[in-house]
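Only one structure is covered here, and it is reproduced in the block below.
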Amino acid sequence: MAGTGNGPLSGVRVVELAGIGPGPFAAMLLADLGADVVRVDRPGGAGLGIDPAYDVTNRNKRSVLVDLKSPEGPGQVLDLAERADILIEGYRPGVAERLGVGPDACLARNSRLVYGRMTGWGQQGPLAGTAGHDIGYIAVTGALGMIGTPGGPPAVPANLLGDYAGGSLYLVVGVLAALQHARSEHGRGQVVDAAIVDGTAHLTAMIHGMLAAGGWQDRRGANLLDGGAPFYGTYETADGRHMAVGALEPRFYAEFVRLLGIEDDVPARDDPAAWEELRTAIAARFRTRTREEWTAVFAASDACVAPVLSLREAPDHPHLAARGTFVDHGGITQPAPAPRFSATPGAVRRPPARPGADTADVARDWGVPALADRREPAGGASAGPAWRDGTRATDGRAGPGRTAG
């Protein structure tokens with residue numbers, strides 16, 4: 001079936017109130033799938049600290065510049081919300097309301113609007129008004145405590161687990177489900193409260209089931225999927241690099257030890273008491289060859305073994321290269337849109353949006369002429385890092401527009 005190239009969300013309009021972290025990533029995913037995403041940037045920027053030209057999370061979007069602290073700013077956002085299907089914001093609870101662009105004000109203008117709220121702690125609860133970051137959110141859900149070696153500290157999984165898996169992806173699922181409802185015969189818009197703590201906790205559902213059934217110990221490095229089993233983990237090679245082993249099923253494990261060359265020299269894998277002996281034997285064998293050599297040994301096998309690659313190495317992996325998992329656009333190597341659609345494929349259509357660069361085009365396309373009439377603040381778009389409520393753009397989630405409790 002021939003693809004349209006527009007993406008399955010072509011025709012969906014999204015307003016993103018600028019922030020950093022999971023909100024922009026969620027908006028990028030919607031944009032990758034074809035939505036017309038307009039990012040509302042503000043004077044002073046969002047505080048990410050990198051050149052906007054390299055902020056891949058703002059690809060496929062357009063940007064307008066609005067000062068929400070100015071007399072005309074809230075009205076300009078409400079004009080956009082009136083014409084939008086989805087609005088995404090990542091302020092602390094109550095900030096959007098104080099700025100005049102909260103859900104009540106937006107839904108009064110557009111009763112079918114889906115208003116997505118991306119925070120760490122959620123809209124209610126004792127910590128809702130406090131600042132936070134990914135590591136704290138995944139800490140209290142029990143997810144961080146599962147990751148790491150026995151006897152060692154928890155290992156930090158960058159900000160992938162909380163911000164993006166427990167945050168962005170749940171926000172996207174939520175706003176698309178709410179959009180489906182809003183477009184039904186008797187549907188209306190609603191507020192989607194996407195909290196990183198809720199999403200991350202939800203990700204641990206299978207583990208909680210195993211814990212209740214007695215199939216999971218509530219400690220690190222003691223279980224089948226957390227590195228406790230010697231046939232599910234990572235091993236150092238002769239050149240100081242690593243191989244990842246996931247030979248869980250017996251037939252895959254049999255292939256693994258055969259290709260590793262230790263099938264006749266190790267204890268049975270089903271005896272946990274012998275796991276340390278087995279782990280020692282596997283580790284010693286992996287240290288006899290380089291990562292490249294072991295990659296060749298296990299290539300095209302069902303042993304479930306893969307080289308551990310760096311971010312710069314990953315795009316050149318033969319399988320990822322064949323699938324086009326990464327693309328080069330505007331001189332930046334970046335992940336391609338995912339997932340894939342047979343009839344309406346997504347694509348990287350535009351480079352990262354520059355703050356305010358698309359104001360005139362959006363004003364015309366969305367029918368909001370007041371946007372084009374705005375005057376640049378003194379000092380230009382990059383002036384003044386301080387906000388009038390005393391927070392600063394570099395305060396992380398302490399400031400409006402950064403995902404906070």
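Taking I88, is it surrounded by 19 or more Cβ atoms within 10 Å (Cβ to Cβ) and at pLDDT 95 or above? Spell out how you get there, then give the answer.
Working: surrounded by 19 or more Cβ atoms within 10 Å (Cβ to Cβ): yes; at pLDDT 95 or above: yes.
The answer is yes for I88.
Take the range 241-252 and flag every residue that is within 11 Å of V305 (Cβ to Cβ) and not in a strand (DSSP E or B).
A247, F252
Can you give me the number of residues within the range 198-240 that are open to solvent by 20 Å² or more (accessible area, probe 1.4 Å), closer than 30 Å to T130 by Cα, outside any loop (DSSP other than H, G, I, E, B) and in contact (Cβ under 8 Å) with a residue 12 or more places away in the chain?
Summing the residues that are open to solvent by 20 Å² or more (accessible area, probe 1.4 Å), closer than 30 Å to T130 by Cα, outside any loop (DSSP other than H, G, I, E, B) and in contact (Cβ under 8 Å) with a residue 12 or more places away in the chain in the range 198-240 gives 5.
Can you name every residue in the range 137-186 that is more than 30 Å from R112 (Cβ to Cβ), open to solvent by less than 30 Å² (accessible area, probe 1.4 Å) and either part of a helix (DSSP H, G or I) or touching a helix residue (DSSP H, G or I) at 6+ places or on another chain (Cβ under 9 Å) (or both)?
So in the range 137-186, the residues more than 30 Å from R112 (Cβ to Cβ) come out as 137-162.
Going one step further and asking which of them are open to solvent by less than 30 Å² (accessible area, probe 1.4 Å), we end up with 137-138, 141, 143-144, 148, 152, 162.
Hits for the range 137-186 are Y137, I138, T141, A143, L144, G162.
Give the residue that is most open to solvent (accessible area, probe 1.4 Å), with candidates limited to residues of the range 306-333 that are among the acidic types (D, E) and either assigned to a loop (DSSP other than H, G, I, E, B) or under 23 Å from M28 (Cβ atoms) (or both).
Here is the first cut: in the range 306-333, the residues among the acidic types (D, E) are 313, 316, 328.
Next, only the ones that are either assigned to a loop (DSSP other than H, G, I, E, B) or under 23 Å from M28 (Cβ atoms) (or both) stay: 313, 328.
Details: E313: 55, D328: 118 Å².
The qualifying residue most open to solvent (accessible area, probe 1.4 Å) is D328.
Only one of these is farther than 30 Å from V66 by Cβ, over 22 Å from the mean Cα position of the chain (by Cα), open to solvent by less than 50 Å² (accessible area, probe 1.4 Å) and without any contact (Cβ under 8 Å) to a residue 24 or more places away in the chain: A268, A281, A303, A296. Name it. Please lay out each step first, then the result.
Values: A268 fails: open to solvent by less than 50 Å² (accessible area, probe 1.4 Å); A303 fails: without any contact (Cβ under 8 Å) to a residue 24 or more places away in the chain; A296 fails: open to solvent by less than 50 Å² (accessible area, probe 1.4 Å).
The match here is A281.
Determine which member of the set P71, P93, P43 is open to solvent by 30 Å² or more (accessible area, probe 1.4 Å), more than 24 Å from V175 (Cα to Cα) and not in a helix (DSSP H, G or I).
Numbers: P93 fails: more than 24 Å from V175 (Cα to Cα); P43 fails: open to solvent by 30 Å² or more (accessible area, probe 1.4 Å).
Being open to solvent by 30 Å² or more (accessible area, probe 1.4 Å), more than 24 Å from V175 (Cα to Cα) and not in a helix (DSSP H, G or I) holds for just one of P71, P93, P43, which is P71.
Of all residues in the range 284-293, how many are open to solvent by 50 Å² or more (accessible area, probe 1.4 Å) and part of a loop (DSSP other than H, G, I, E, B)? Walk me through it before giving the result.
Of all residues in the range 284-293, those open to solvent by 50 Å² or more (accessible area, probe 1.4 Å) come to 285, 287-289, 292-293.
If we keep only those that are part of a loop (DSSP other than H, G, I, E, B) too, we end up with 287-289.
Residues in the range 284-293 being open to solvent by 50 Å² or more (accessible area, probe 1.4 Å) and part of a loop (DSSP other than H, G, I, E, B): 3 in total.
Kindly provide the set of residues from the range 334-349 that are open to solvent by 80 Å² or more (accessible area, probe 1.4 Å) and either among the small types (G, A, S) or in contact with a strand residue (DSSP E or B) (Cβ under 7 Å, 6 or more places away or on another chain) (or both), ordered by number.
Pass one, the range 334-349, residues open to solvent by 80 Å² or more (accessible area, probe 1.4 Å): 339-340, 342, 349.
Listed by number, the list holds a single entry, S342.
Please determine, by comparing only the residues of the range 12-40 that are assigned to a helix (DSSP H, G or I) and not aliphatic (A, V, I, L, M), which one is most open to solvent (accessible area, probe 1.4 Å). It would help to see each step written out before you state the result.
Looking only at the range 12-40, we keep the residues that are assigned to a helix (DSSP H, G or I), and these are 22-32.
Of the ones still in play, those that are also not aliphatic (A, V, I, L, M) are 22-25, 32.
Values: P22: 0, G23: 7, P24: 7, F25: 56, D32: 3 Å².
The selected residue is F25.
Could you please tell me which pairs satisfy a Cβ distance under 7 Å, a separation of 6+ or placement on different chains, a first residue in the range 57-70 that is modelled with pLDDT of 95 or more and of a type in the set (S, T, N, Q), and a second residue that is part of a strand (DSSP E or B) and open to solvent by less than 30 Å² (accessible area, probe 1.4 Å)?
Every condition considered, the pairs that remain are N58/R39; N60/V37; S63/R39; S63/D41.
With respect to D104, is the statement that it is open to solvent by 30 Å² or more (accessible area, probe 1.4 Å), among the acidic types (D, E), touching a strand residue (DSSP E or B) at 6+ places or on another chain (Cβ under 6 Å) and at pLDDT 95 or above true? Please lay out each step first, then the result.
Numbers: open to solvent by 30 Å² or more (accessible area, probe 1.4 Å): yes; among the acidic types (D, E): yes; touching a strand residue (DSSP E or B) at 6+ places or on another chain (Cβ under 6 Å): no; at pLDDT 95 or above: yes.
Spelling it out, it is not the case that D104 is open to solvent by 30 Å² or more (accessible area, probe 1.4 Å), among the acidic types (D, E), touching a strand residue (DSSP E or B) at 6+ places or on another chain (Cβ under 6 Å) and at pLDDT 95 or above.
So A128 clears everything in (1) at pLDDT 95 or above; (2) open to solvent by 50 Å² or more (accessible area, probe 1.4 Å) except one condition, right? Which one?
(2)
Tell me, which residue of the range 362-373 that is over 19 Å from N6 (Cα atoms) and part of a helix (DSSP H, G or I) is most open to solvent (accessible area, probe 1.4 Å)? Write out each step before concluding.
Within the range 362-373, the first condition is being over 19 Å from N6 (Cα atoms), and the residues that meet it are 363-364, 367-373.
Those left that are additionally part of a helix (DSSP H, G or I): 363-364, 369-372.
Working: A363: 9, R364: 152, P369: 90, A370: 40, L371: 0, A372: 58 Å².
For the range 362-373, the residue satisfying everything is R364.
Please go through the range 111-136 and give me each residue that is closer than 30 Å to S184 by Cβ and either charged (D, E, K, R) or not in a loop (DSSP other than H, G, I, E, B) (or both), ordered by number.
Of the residues in the range 111-136, the ones closer than 30 Å to S184 by Cβ are 111-119, 122-124.
Those that are closer than 30 Å to S184 by Cβ and either charged (D, E, K, R) or not in a loop (DSSP other than H, G, I, E, B) (or both): R112, V114, Y115, G116, R117, M118, T119.
Going by what's in this entry, would V64 be described as in contact with a Ser or Thr (Cβ under 6 Å, 6 or more places away or on another chain) and buried (at least 24 other Cβ atoms within 10 Å of the Cβ)? It would help to see each step written out before you state the result.
Working: in contact with a Ser or Thr (Cβ under 6 Å, 6 or more places away or on another chain): yes; buried (at least 24 other Cβ atoms within 10 Å of the Cβ): yes.
Here the answer is yes, as V64 does meet what is asked.
The values are calculated or read from the model by the stated rules, or taken from the named source; none is laboratory data. Here the structure is a predicted model, which is why all the values come from computation and not from measurement. Note that each Cβ is placed from the backbone with ideal geometry, even for glycine, and that neighbours are counted across all protein chains shown. In case anyone asks, the SASA skips ligands and DNA or RNA and just uses the protein heavy atoms, side chains included. Shrake-Rupley method; radii C 1.70, N 1.55, O 1.52, S 1.80 Å.
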